[in-house]
Amino acid sequence: MKLLKVLAAASTLALAAWPGLSPALAQTPSTLRIGLQEDPDMLDPHKARTFVGRIVFMGLCDRLLDITPELKLVPRLATSWEFSADGLTLTMKLRTEAKFHDGETFNAEAAKANLERAMTLPESLRKSELASVDKVEAPDPATLVLKLKRPDATLLAQLTDRAGMMLAPKSLSGDVTARPICSGPYKFVERVQNDRIVLEKFKEHWEADKYNFDRIIYRSIPDTTVRLANLRSGELDMLERLAPTDVKSAKADASLKVTSIANLGYQGITINTNNGDAAKQPMGQDKRVRQAFSLAIDRKVLSQVVFEGLYEPMNQPFNPGNFYVSADFPVPERDVAKAKALLKEAGQPKVTAELFVTNNPVDTQIGQVIQAMAQEAGIDVQLRATEFASQLRDQQQGKFQMSRIGWSGRIDPDGNIHPFVTTGGGQNDGKYSNPEVDRLLNQARTVYDPAERKKLYDAAQKILNDELPIIYLYNQTVFFALRKNIDGFVINPDGLIRLAGLKRS
């Protein structure tokens, strides 16, 4: 731990000056500077998967719908929507005054082109989110029609996020990631990998009067200590994911204010059960080894040691208090004796497994605590740390055994479970596959009654709690820290930063 503190202090000195960013740019009064915990992946909403990327997209790319802090659907580029009586046609009326950053007018044909790209692009991670859509029609510039293969209770929720984000049609044939052209309140200026993303105000945006800053700079600063130091020095105006260990001191700092909310997602460990050669080891091949690993972890102690007890232990993909949480699967108590018995039963009294973690101090500490707990049960956890984008890339390619990874959550339960555990799911990096889980979760998408949907999720969870392709650990309370002179920030359970209304007093 002393070593971590020394490294953090050294990093603070090395990074506080922000080399490469001119003083004039950094200090412009109409510039809002936001500290991110990681560097986003590609800035293409159809290919992207990072939480911090979603934060950037909130300024860059408008979407068809949004959600309120109370998780209600509200209009964005779509002003109204209606399903047909049979649930197989969704008709949306579109905003006519919106424009893309290249000056082209947003209309139904543009929306159609975006949705079709999201549904068909080979690398698209939105395909499973839009799997119910059979075809998209644009009968007139202000009307978008989605014809469905089956009723889909999840579809509107999908359109509040990256599946509903709109890129300029003329940009779709080029390299979107190099210079994304969207329709949001801010347009892309530059990106310096692992350093900054710069946006400037799009003055022709249909809601431009609600955005008070001329420029937004997103800074990637993985070290929580460095990120907070830059906020305290005035080099940042706000940061996302203040470390729980820093909450008390940040609240005591008269120059700062802290706000928080429990998010909609989960944090856990994804196991590679079926993705290439890396899956061919005891942890990936034998559920008893995974069960033993889960039982070796004391989730309550993990929260106390790493997060000051501020994160709630969990054992399901749905956040605590969610309607879809099942009482049948409580957070398990640590049971080292049972874990050892399971390993013995599996013929694996000693197991070695590699755990991928992000190379920031918090994730490193999580890995170390889990490593120590697992060791007592006979599981030798080897830690492999790298920066977040590399971790995601290797996960997708199957170059991992276990990965300490989380999900920021969605308002519909499908978004927290279906993409991760169904066969061919867009974010099923371990390639776990169970036909019965597929059947249950696909059926849940077609059911609108919450009580009936819950029965299907409960049945799927019974299998998943036994086979453990993902070991859920805790729910993350998201802490934001801001300079005292930043006003108008409205916190939302999705953990994203909405720029409308933010201003410097």
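Assessment of the range 278-287 against the conditions (within 23 Å of the chain's Cα centre (by Cα), of a type in the set (Asp, Glu) and buried (at least 17 other Cβ atoms within 10 Å of the Cβ)) yields no matching residue. Within the range 93-126, the set of residues being in contact (Cβ under 8 Å) with a residue 12 or more places away in the chain, of a type outside the set (D, E, K, R), open to solvent by 20 Å² or more (accessible area, probe 1.4 Å) and assigned to a helix (DSSP H, G or I) comprises Ala113, Met119. Just wondering, is there one or more residues in the range 127-144 that are assigned to a helix (DSSP H, G or I) and either under 21 Å from the mean Cα position of the chain (by Cα) or surrounded by fewer than 20 Cβ atoms within 10 Å (Cβ to Cβ) (or both)? Taking every residue of the range 127-144 in turn, none turns out to be assigned to a helix (DSSP H, G or I) and either under 21 Å from the mean Cα position of the chain (by Cα) or surrounded by fewer than 20 Cβ atoms within 10 Å (Cβ to Cβ) (or both). Looking across the range 349-370 at every residue that is open to solvent by 60 Å² or more (accessible area, probe 1.4 Å) and of a type in the set (S, T, N, Q), the one that is nearest to Gln291 (Cα to Cα) is identified as Thr352. Within the range 319-345, the set of residues being modelled with pLDDT of 95 or more and either in contact with a Gly (Cβ under 8 Å, 6 or more places away or on another chain) or not in a loop (DSSP other than H, G, I, E, B) (or both) comprises Val336, Ala337, Lys338, Ala339, Lys340, Ala341, Leu342, Leu343, Lys344, Glu345. Within the range 346-380, can you find the residues that are part of a loop (DSSP other than H, G, I, E, B) and under 20 Å from Gln285 (Cα atoms)? Across the range 346-380, the qualifying residues are Ala346, Gly347, Gln348, Pro349, Lys350, Gly378. Mind checking whether some residue in the range 256-274 is surrounded by fewer than 21 Cβ atoms within 10 Å (Cβ to Cβ), outside any strand (DSSP E or B), of a type in the set (Lys, Arg) and modelled with pLDDT of 95 or more? No, the range 256-274 contains no residue that is surrounded by fewer than 21 Cβ atoms within 10 Å (Cβ to Cβ), outside any strand (DSSP E or B), of a type in the set (Lys, Arg) and modelled with pLDDT of 95 or more. Scanning the range 152-174 for residues that are part of a loop (DSSP other than H, G, I, E, B) and among the hydrophobic types (A, V, I, L, M, F, W, C), we see that the one that is surrounded by the fewest Cβ atoms within 10 Å (Cβ to Cβ) is Leu172. Select from the range 199-217 the residues that are among the acidic types (Asp, Glu) and more than 19 Å from Thr105 (Cβ to Cβ) and write down the one among them that is most open to solvent (accessible area, probe 1.4 Å). Once the filter is applied, the top-ranked residue is Asp209.
Note on the range 319-348: residues that are touching a residue at least 24 places away in the same chain (Cβ under 8 Å) and open to solvent by less than 50 Å² (accessible area, probe 1.4 Å) total 12. Is at least one residue of the range 183-198 surrounded by fewer than 22 Cβ atoms within 10 Å (Cβ to Cβ), modelled with pLDDT of 95 or more, hydroxyl-bearing (Ser, Thr, Tyr) and not in a loop (DSSP other than H, G, I, E, B)? No, that holds for no residue. Restricting Thr177, Thr245, Thr225 to those that are open to solvent by less than 50 Å² (accessible area, probe 1.4 Å) and of a type outside the set (D, E, K, R) reduces the list to Thr177.
Those residues that are more than 23 Å from Gln267 (Cα to Cα) and either among the hydroxyl-bearing types (Ser, Thr, Tyr) or open to solvent by 10 Å² or more (accessible area, probe 1.4 Å) (or both), I need them from the range 454-497; list them, please. Lys455, Arg483, Lys484, Asn485, Asp487, Gly488, Phe489, Val490, listed by residue number. Residue-level analysis places Pro435 among those that are in contact with a Ser or Thr (Cβ under 9 Å, 6 or more places away or on another chain), open to solvent by 40 Å² or more (accessible area, probe 1.4 Å) and not basic (Lys, Arg).
Residue-wise test of (1) open to solvent by less than 10 Å² (accessible area, probe 1.4 Å); (2) assigned to a helix (DSSP H, G or I); (3) aliphatic (A, V, I, L, M); (4) modelled with pLDDT of 95 or more.
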{"position": "Ala24", "(1), (2), (3), (4)": "no, yes, yes, no"}
{"position": "Leu43", "(1), (2), (3), (4)": "yes, no, yes, yes"}
{"position": "Ala48", "(1), (2), (3), (4)": "yes, no, yes, yes"}
{"position": "Gly59", "(1), (2), (3), (4)": "yes, yes, no, yes"}
{"position": "Pro69", "(1), (2), (3), (4)": "no, no, no, no"}
{"position": "Val74", "(1), (2), (3), (4)": "no, no, yes, yes"}
{"position": "Trp81", "(1), (2), (3), (4)": "no, no, no, yes"}
{"position": "Thr91", "(1), (2), (3), (4)": "no, no, no, yes"}
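The values are calculated or read from the model by the stated rules, or taken from the named source; none is laboratory data. Quick caveat: nothing in here was measured; it's all calculated off a predicted structure. When we count neighbours, we look across all protein chains shown, and the Cβ atoms used for this are built from the backbone with ideal geometry, even at glycine. Heads up: the accessible areas ignore ligands, DNA and RNA and are worked out on the full protein's heavy atoms, side chains in. Shrake-Rupley method; radii C 1.70, N 1.55, O 1.52, S 1.80 Å.
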